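The values are calculated or read from the model by the stated rules, or taken from the named source; none is laboratory data. Note that this is a predicted model, so its numbers are computed, not measured. Neighbour counts run over all protein chains shown; Cβ positions are idealised from the backbone, glycine included. The accessibility values were calculated without ligands, DNA or RNA, using every heavy atom of the protein model including side chains. Shrake-Rupley method; radii C 1.70, N 1.55, O 1.52, S 1.80 Å.
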Amino acid sequence: MEALRLSPPQTLLLRHKDRVTQTPFVGSHITKKCNLPLIRVAVSKPTAEISSPTVTSRETDVVSSSFAAAPSAPRKKVPANSLQYPSGYLGAAPERSVDEGNHDVINAMGYLTNILSSKVYDVAIESPLQLATKLSERLGNQIWLKREDLQPVFSFKLRGAYNMMAKLPKEQLERGVICSSAGNHAQGVALSAKRLGCNAVIAMPVTTPEIKWQSVERLGATVVLIGDSYDEAQAYAKKRAKEEGRTFIPPFDHPDVIIGQGTVGMEIVRQMQSPLHAIFVPVGGGGLIAGIAAYVKRVSPEVKIIGVEPFDANAMALSLHHGERVMLEKVGGFADGVAVKEVGEETFSICRELVDGVVLVSRDAICASIKDMFEEKRSILEPAGALALAGAEAYCKYYGIKEKNVAAITSGANMNFDKLRVVTELANVGRQQEAVLATVLPEEPGSFKQFCEMVGPMNITEFKYRCTADKAVVLYSVGVHTVSELEAMKQRLESSQLRTYNLTASDLVKDHLRYLMGGRSDVENEVLCRFIFPERPGALMKFLDTFSPRWNISLFHYRGQGETGANVLVGVQVSKSEEDEFIHRADSLGYEYVLVNDDENFQLLMH
Ligand SMILES: Cc1ncc(COP(=O)(O)O)c(C=O)c1O
């Protein structure tokens, strides 16, 4: 519990919060797919704008959080689970008509020639395209890894940042640049500024872990810690850009950033000697995939460009599906590099013209791909960095693709070390090498032994047994197995009247109940919620101030996930008449949460 700090809150939460309830998995959504796109994209925006010149000296401030995010144009808000389809399925394929009358788009030549003449190699390397031999053998395809995790700041982001900055006129560069990011973009801008000898200010939310802002500061940039959320940091950066005449460097939605990222596609085309079936690209705001598509669809239109997003961070899939940019109500933060609520305007218009669709993958599958990469190259990718690999594998399996060349961008390696614990736990589940099960036994002599006999030769990796007055429940995990071995074991158990449940798909079980199981009690009026606590000092005290001592906390289980926060399962005793007030307070707390009272696995394991 190293990340659970008890000091009082230091900043006021300004974030808007919504209460969420669990919604079931929505079945496959099939979108219509047209043939190869007509290429109609072009550099449609000017380079960055500037005003008065004032360059500040280097400083590291924590600016108090009174800075509210600037209002943006209203956008349709949609929940991530309104568009879900099986992992590996190529969904959200944009419908393209020949004449949509979109006059903003001119031609793709601008992108192509700009990518070809991009200056990124002053700072970035031409990353290798390496064959993943073990994975290729397993999948029956040649899986190629585009190693962007080997870049100087361990991600591709410096390509776009440098390309935009290197194009700025000298006087503009002298006024300095500014950006808002707590992630890879910040490092890209900082390193680019160092190379170009210009002043850079990076605005980051106050919640940014020390290790992150220190590494940016070490590159010579000025770090300003401001606001609780990315939106607030961005609003600050844009305002300061205007005030000081600095150039704002956006993380994805600018032609010069897209052009810089497009050099990844140019290199793949040059490096790949044989015909390529598809390139899998992780999607956050869409800068990387837009750049790659803008180049590759021009020179090799037969190559599929496929985006990959986590199930709970599917802003591009949803936008393509709706035919317009939409905003996610909330976004999953596990793959923090792609945790974007709204994709870019320019990136979206390129994607709807050029990409072939989006594959969605689970948190478990991302973890499994991090493990694959480790076994393959002894490198540890961050979750967003492994996303494309997970998508490539899921797609090949879903469509039974064989003997094709498939490329996946391994886009970053800035892994938070604390997150590795979650990754190692889920990796085998994600590769279907581990299943989590529960079996109910009658509480009578010999039943435990009988159960063990039935399990037979399966490799047990976790085992918990707890009895109550009339029954006992065993929660256990079985290691490497085939689907048929697992099914046969379940049949053996069920034919002996031992009810068996496969809990592998339940995040509630994997994050909490497998650790709590055994601590049974029948607590009256218990409201059960899963919260995501932000990773910052005082998060727990703020939570307790909201509910305690008004209501009794009957259960508390905390699982840190690194800087993306912690998964917390909480039981609170609330009488029926006070439920509305409880919900109101939970909403105003400002942490994401979901009510899980009716979860049947909770009933099974905890009652
Ligand atoms: C490691 C990594 N992969 C993928 C992405 C997504 O890139 P984009 O926002 O251009 O879609 C990011 C964005 O920061 C990233 O850091």
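Restricting segment 269-286 to residues that are under 24 Å from the mean Cα position of the chain (by Cα) and more than 11 Å from the ligand (Cβ to nearest atom), the residue that is surrounded by the most Cβ atoms within 10 Å (Cβ to Cβ) is Ile279. Among the residues of segment 313-333, the ones that are of a type in the set (Gly, Ala, Ser), more than 14 Å from the ligand (Cβ to nearest atom) and in a helix (DSSP H, G or I) come to 0 in all. Entry remark, segment 409-418: residues being of a type outside the set (Phe, Trp, Tyr), farther than 13 Å from Lys371 by Cβ and surrounded by fewer than 24 Cβ atoms within 10 Å (Cβ to Cβ) number 4 in total. On inspection, Val527 qualifies as open to solvent by less than 40 Å² (accessible area, probe 1.4 Å) and more than 26 Å from Cys452 (Cα to Cα). Of note, Gly357 does not satisfy the criterion of being within 14 Å of the ligand (Cβ to nearest atom) and either at pLDDT 95 or above or closer than 30 Å to Ser136 by Cα (or both).
Report, by residue number, each residue of segment 546-566 that is free of Cβ contacts under 8 Å to residues at least 60 places away in the same chain, crowded, with 16+ Cβ neighbours inside 10 Å and polar (S, T, N, Q). Break it down into steps so the answer makes sense when it comes.
Taking segment 546-566 as the starting set, the residues that turn out to be free of Cβ contacts under 8 Å to residues at least 60 places away in the same chain are 546-557.
Restricting the remaining residues to those that are crowded, with 16+ Cβ neighbours inside 10 Å gives 546-547, 551, 554-555, 557.
Within segment 546-566, Thr546, Ser554 qualify.
Here is the figure for segment 93-126: residues that are of a type outside the set (S, T, N, Q), at pLDDT below 90 and open to solvent by 40 Å² or more (accessible area, probe 1.4 Å) total 9. The listed residues are Lys471, Lys542, and the only one of them that is over 28 Å from Gln561 (Cα atoms), out of contact with any Leu (no Cβ under 6 Å at 6 or more places or on another chain) and open to solvent by 20 Å² or more (accessible area, probe 1.4 Å) turns out to be Lys471.
Picking from Ser82, Ser64, which residue would you name as being over 28 Å from Leu276 (Cβ atoms), modelled with pLDDT of 75 or more and open to solvent by 20 Å² or more (accessible area, probe 1.4 Å)? Write out each step before concluding.
On the way: Ser64 fails: modelled with pLDDT of 75 or more.
From the options Ser82, Ser64, the qualifying one is Ser82.
Looking at Val406, is it more than 16 Å from the ligand (Cβ to nearest atom), touching a residue at least 12 places away in the same chain (Cβ under 8 Å) and open to solvent by less than 10 Å² (accessible area, probe 1.4 Å)?
Details: more than 16 Å from the ligand (Cβ to nearest atom): yes; touching a residue at least 12 places away in the same chain (Cβ under 8 Å): yes; open to solvent by less than 10 Å² (accessible area, probe 1.4 Å): yes.
Considered against the rule, which asks whether it is more than 16 Å from the ligand (Cβ to nearest atom), touching a residue at least 12 places away in the same chain (Cβ under 8 Å) and open to solvent by less than 10 Å² (accessible area, probe 1.4 Å), Val406 comes out as yes.
Number of residues in segment 489-516 that are open to solvent by less than 20 Å² (accessible area, probe 1.4 Å) and within 23 Å of Ser447 (Cβ to Cβ) equals 8. Every condition in (1) open to solvent by 50 Å² or more (accessible area, probe 1.4 Å); (2) within 25 Å of Asp511 (Cα to Cα) is met by Val478 except one, and the failing one is (1).
Tallying residues that are open to solvent by less than 10 Å² (accessible area, probe 1.4 Å), within 12 Å of the ligand (Cβ to nearest atom) and not hydroxyl-bearing (Ser, Thr, Tyr) within segment 154-184 yields 5.
The number of residues in segment 334-350 that are open to solvent by 30 Å² or more (accessible area, probe 1.4 Å) and either under 8 Å from the mean Cα position of the chain (by Cα) or away from the ligand (no atom under 14 Å from the Cβ) (or both) comes to 3. Checked against the criterion of being open to solvent by less than 30 Å² (accessible area, probe 1.4 Å) and of a type in the set (D, E, K, R), the candidates Glu434, Glu443 yield just one match: Glu434.
Could you please let me know if Met454 is crowded, with 16+ Cβ neighbours inside 10 Å and farther than 22 Å from Ile366 by Cβ? In short, yes.
Among the residues making up segment 351-399, those that are under 14 Å from the mean Cα position of the chain (by Cα) and part of a loop (DSSP other than H, G, I, E, B) are Ser362, Leu381, Glu382.
Considering each residue of segment 287-298 in turn, at least one proves to be open to solvent by 10 Å² or more (accessible area, probe 1.4 Å) and more than 20 Å from Gln151 (Cβ to Cβ).
Take the conditions among the basic types (Lys, Arg), within 19 Å of Val123 (Cβ to Cβ) and assigned by TED's automatic domain parsing to the domain that holds Ala408 and apply them to Arg218. Does it pass?
Values: among the basic types (Lys, Arg): yes; within 19 Å of Val123 (Cβ to Cβ): yes; assigned by TED's automatic domain parsing to the domain that holds Ala408: no.
Against the criterion (among the basic types (Lys, Arg), within 19 Å of Val123 (Cβ to Cβ) and assigned by TED's automatic domain parsing to the domain that holds Ala408), Arg218 does not qualify.
Within segment 574-590, residues that are without any contact (Cβ under 8 Å) to a residue 60 or more places away in the chain sit with their Cβ atoms under 9 Å from residues that are part of a helix (DSSP H, G or I), at 6+ positions apart or across chains, in these pairs: Val574/Phe547; Val574/Glu581; Val574/Phe582; Phe582/Phe547; Arg585/Thr546; Arg585/Phe547.
Mind checking whether some residue in segment 395-403 is under 18 Å from Asn314 (Cβ atoms), out of contact with any Asp or Glu (no Cβ under 6 Å at 6 or more places or on another chain) and within 16 Å of the ligand (Cβ to nearest atom)? Break it down stepwise before answering.
Within segment 395-403, the first condition is being under 18 Å from Asn314 (Cβ atoms), and the residues that meet it are 395, 398.
Remaining after also requiring out of contact with any Asp or Glu (no Cβ under 6 Å at 6 or more places or on another chain): 395, 398.
Applying the additional criterion that residues be within 16 Å of the ligand (Cβ to nearest atom) yields none.
No: zero hits.
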